[in-house]
1. Looking at B:Val149, B:Ser124, B:Gly135, which one has the Cα that reaches farthest to the positive end of the dipole of region B:97-180 (charges on Cβ: Lys, Arg +1; Asp, Glu -1)?
2. Among A:Gly169, A:His210, A:Ala192, whose Cα lies farthest out toward the positive end of the dipole of region A:123-239, if unit charges sit on the beta carbon of Lys, Arg (+1) and Asp, Glu (-1)?
3. Using mean Cβ contacts within 10 Å as the protection proxy, how do B:98-105, A:383-390, C:240-247 order, highest first?
4. Which three extents, in angstrom, do the Cα atoms of region A:44-160 have along their principal axes, listed largest first?
5. At what distance in nm do the modelled label points of B:Thr131 and C:Glu319 sit from each other, each positioned 7 Å from its Cα along Cα→Cβ?
6. What does the convex hull of the Cα atoms come to per residue for region A:183-387, in Å³?
7. With no other cysteine's Cβ closer than 4.7 Å, which Cys residues of chain A count as lacking a disulfide-compatible partner?
8. For region C:177-248, just the Cα set please: Rg and Dmax, both in angstrom.
Amino acid sequence: MSRNATEWRRRPTLAPTHYVDPRIYTDRALFEEEREKIFKKVWSVVCHESEAPNAGDYRRCRHMSGKELLVVRGVDMKIRAFYNHCSHRGNLLAMEPSGNARRITCMFHQWSYDTRGNCVAITRQKEGYQDRVSRKDMGLREVRTEVGLGGFVWVNVDDGCGPLEEFVGDSLDYLKEELSAKPLEIISYHKAVVNSNYKLWYDTNSELYHDFLHHHNRKIALIQPGYWDRRVHVHDHGHVSVDSMECRYDAYEGNDGRQRRLGWPGGEVACHKLIDLFPTMTFILRAPAFRLDTMVPLAPDKVAIEFRGFAVKGDSAEDRAARVRDHNSIWGPFGRNLPEDEIAIVGQMMAMKGGDDSAYVLHGREEPSIQNEIGMRHYYGEWSKWMERGASDPFGNRAIAAAE
Amino acid sequence: MTTTGTATREPRGEPTGSGFESLAEREKAVRELVARTCLTMDAYDFAGYLDLCHPDFRYTITTYSPELRKDITWLDHDFAGMETLLEVLPLHASDHFLRLVMSRHLGVYTVAYSENDTRAAVVSGLQVFNTARDGGVTELLAVAKYHDVVALEGGEAKLLVREVRLDTRMLGETGSLIPF
Amino acid sequence: MARTGTQWRTRPNLPLTHYVDPRVYTDRSIFEEEREKILEKTWAIVCHESEAPNAYDFRRCQHMSGKELLVVRGKDMKIRVFYNQCPHRGNVLAYEPSGNARRITCIFHLWSFDTKGNCVEITREKEGFQDRLSRKDVGLREVRSETDMGGFVWVNVDDDCGPLDAFLGDSTEFLRGELTAAPLEIMCYHKAIVPTNYKLWHDTNRDLYHEFLHRQNRLIAMGQPGYLDRRYHLHVHGHVTADPSVNSYENIEKGSGVERRMGWPGGESALHKLCNLFPTVTYNMRPPALRIDTMVPLGPEETIVEFRGLGVKGDSPEERRERLRDYNSFWGPFGRNLPEDFIAIVGQSIGLNHGRGSPYILHGREEETPHSEVCIRHYFAEWSRMMGRTAADPFGELPAVAAE
Ligand code: FES
Ligand SMILES: [Fe+2]
């Protein structure tokens with residue numbers, strides 16, 4: 001039956017953990033609060049160490065909190081991350097996405113910094129500041145950084161945060177072999193600014209019920225043996241992993257009968273392993289291709305999503321070509337899956353505008369299979385902890401509806 | 001393949017080595033071929049598009065990434081690969097993408113013929129526009145160049161190689177299931 | 001005399017009803033409040049029934065409150081209107097502006113709905129939801145709709161609203177002949193997104209004083225006998241009609257061989273009838289064509305204006321061509337009048353400079369002619385009633401005057 005306004009707003013018969021209030025995707029105040037309480041507090045990947053392979057290489061990145069960062073490989077080959085922000089008058093230090101510089105010189109008044117963030121030159125220092133300003137007080141702001149778990153550059157802008165290891169817990173154990181057998185190397189990068197909420201992208205990455213949307217996935221997985229045997233596992237801090245299967249890429253017409261034969265060191269041929277890390281990241285291994293999603297939420301209804309593809313360092317030319325092809329076939333900007341996912345999350349936002357009136361968004365599936373929605377429930381459990389708000393009643397004013 | 005680079009011989013009204021009535025005819029065939037690839041693709045006339053392609057067709061979409069400081073290839077297909085890609089398109093996302101109004105705007109910049117007259121290297125400027133189905137506002141989706149090699153055989157022109165060299169690297173909100 | 005800053009900011013020597021504070025056109029909080037108190041409470045046209053002529057036709061529309069709607073003609077030929085939103089995870093159901101579908105299937109997880117809004121399929125329902133969720137509880141949200149006053153689809157998203165009849169009162173009476181003699185049919189549609197406030201468009205539609213702006217109107221109407229004898233008529237809920245004007249189209253079309261000869265069933269060929277309905281709808285009958293304006297205000301300074309041209313069902317191709325030609329000559333996107341009106345209201349928005357520009361907007365003309373601005377005063381009287389604010393002093397900054 002179609003529903004009138006009262007029925008439409010009535011809470012579903014499900015437990016409050018099994019749905020969320022759509023305002024968590026649309027409300028401006030909640031978004032600002034997420035930035036303060038979550039993005040500025042937890043670890044996330046900003047790039048891969050192979051994006052700055054040589055001494056003096058830098059990479060301009062954006063942290064999920066919105067902060068501009070400069071990732072630099074020092075002469076000691078160590079990677080450090082700084083605010084991409086001149087100590088003098090706040091100009092951006094690197095305007096290029098990447099480059100190589102022994103000294104980072106601000107174009108504005110030409111203050112210079114070394115790769116450890118020390119200020120090494122203040123133009124006409126004595127003349128202007130006499131003894132009132134010293135170079136040693138004018139270093140860059142360095143942020144907590146760890147390079148690991150596959151060579152990723154992890155950043156936390158909260159100096160008081162716990163260690164990365166503790167945050168990741170055992171969630172990546174499932175990919176440990178693949179992430180450590182051989183070093184990774186980046187082969188593809190693109191980004192998209194999408195008019196949607198970042199959590200809708202994350203939801204889509206963590207629920208497999210929407211395999212129905214992807215013709216490609218229906219063919220290679222959904223109708224193949226082993227698909228339904230997979231389970232979704234939850235880990236500390238809101239992270240989730242999904243069991244693997246051997247996908248049948250040869251069953252998709254667009255692959256011209258070609259199964260993915262090249263595997264991944266430490267992993268199985270044609271395996272599909274998925275790990276979602278709270279609050280913005282997804283690791284997906286579809287051997288022989290490996291993808292990482294990271295996000296910079298820009299507004300409640302706008303998110304920049306960055307997509308990276310990885311290969312194995314030292315690949316032969318043929319292996320590399322196969323990985324690039326397989327990555328792009330579904331995950332590049334001209335791939336088969338990514339645009340489909342993106343129209344779905346854009347569609348969600350189109351309908352949710354004016355969100356307080358819309359229906360509850362369901363995360364209610366319980367089943368011993370890959371289409372269990374426990375992944376999203378686990379995410380919103382974690383979200384509620386950080387935000388100190390229930391995701392199904394973030395403003396504490398849905399109680400009346402519940403009582404009805 | 002070797003091209004003469006600067007060889008823009010004046011049409012002289014006599015038969016060519018590749019079987020065209022005249023140089024003018026040959027030039028017309030090359031320019032029309034390139035234009036027709038856009039017209040057919042805009043119309044989702046995939047059979048018509050493939051008709052314009054040589055059996056040894058190779059299609060790539062590439063770009064340079066300043067983030068990674070290297071070239072990236074985003075699509076790479078031979079004739080058969082392109083054929084299946086286009087064939088399967090309607091099965092993706094309820095053919096949502098086939099309803100998009102995409103229009104490819106093209107300007108042929110240079111045409112250079114090989115010494116033996118069987119190949120033409122064509123460079124064109126390309127803009128791809130997207131027009132919303134609802135209301136009809138048009139936005140620029142991408143700018144690129146086509147680097148084409150056209151095979152000239154028996155008085156016919158066929159597209160042998162196309163590299164779509166993108167300037168644009170953020171392709172709308174969603175990327176594109178449809179090749180440019 | 002030119003004015004100093006103080007003089008410029010001094011309120012005009014007119015009653016509070018005769019001017020408005022510019023912030024009613026620019027202020028964000030007022031806009032949000034209008035959405036809640038007016039746009040979500042009153043009736044508006046979202047499309048014409050001929051836009052979904054056959055069983056199972058659908059039309060995607062946007063309601064003035066911002067809500068995405070799906071107008072569907074059922075197999076019983078009845079038109080129903082739903083939120084264009086999937087109850088599962090909130091995705092839009094229809095991406096296309098129009099189409100035909102027996103079942104409306106969401107692309108994301110393939111839930112399906114029939115044309116009455118019943119959920120008829122939940123993919124893998126039992127496996128995921130067991131008995132915790134029932135199809136009958138997840139129907140679409142149906143909104144109050146009535147197809148009336150010339151076959152237009154009227155929608156009110158407030159389930160508790162009064163009937164359309166009561167809302168319109170007798171305002172459309174003087175068009176009843178034209179709207180009932182023969183069924184109408186849509187012949188053209190276009191929309192514009194204009195950087196201005198929606199009320200400025202509606203003001204312009206009401207206000208005939210600005211006919212000075214339009215060369216065409218000066219030629220065909222302003223000089224004609226009886227032009228100044230016409231009066232405005234005020235109706236319930238802020239609606240206004242103007243006495244018909246007699247137009248001599250040959251004055252502009254002289255020499256071109258183009259004449260407006262064809263009339264409209266139930267109406268007279270040279271009579272121009274105008275009916276403005278609070279808050280966003282305009283009926284503009286210039287035989288042989290009818291134009292309907294509707295609006296979706298997107299923000300205080302951004303508005304979608306939709307224009308529909310209607311002919312008569314069963315027109316011969318020649319008749320239709322003539323109606324279309326006459327419609328477009330004034331009102332198409334390449335017409336003579338519409339672009340002129342747009343530059344005026346965009347100019348107003350620039351002049352208002354986000355509420356910091358001109359101090360007061362005058363609606364102060366009083367005369368027994370079509371140049372009286374009682375038409376706009378009547379609008380703002382209704383606006384003030386629904387908003388609980390005086391349009392000339394929306395923030396209650398005038399204690400002294402309030403006491404008057
Ligand atoms: S959002 Fe519509 S079926 Fe899931
Ligand atoms: Fe997906």
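1. The one lying farthest along the dipole's positive direction is B:Gly135.
2. A:Ala192
3. Per-residue mean Cβ counts within 10 Å order the peptides as C:240-247, A:383-390, B:98-105.
4. Largest first, region A:44-160 extends 48, 29, 23 Å along its Cα principal axes.
5. 3.1 nm
6. 124 Å³
7. Cys with no partner Cβ under 4.7 Å: A:Cys47, A:Cys61, A:Cys119, A:Cys161, A:Cys247, A:Cys271.
8. Rg then Dmax for region C:177-248, in Å: 15.2, 38.
The values are calculated or read from the model by the stated rules, or taken from the named source; none is laboratory data. These numbers come from a predicted model, not from an experiment. Note that each Cβ is placed from the backbone with ideal geometry, even for glycine, and that neighbours are counted across all protein chains shown. The accessibility values were calculated without ligands, DNA or RNA, using every heavy atom of the protein model including side chains. Shrake-Rupley method; radii C 1.70, N 1.55, O 1.52, S 1.80 Å.
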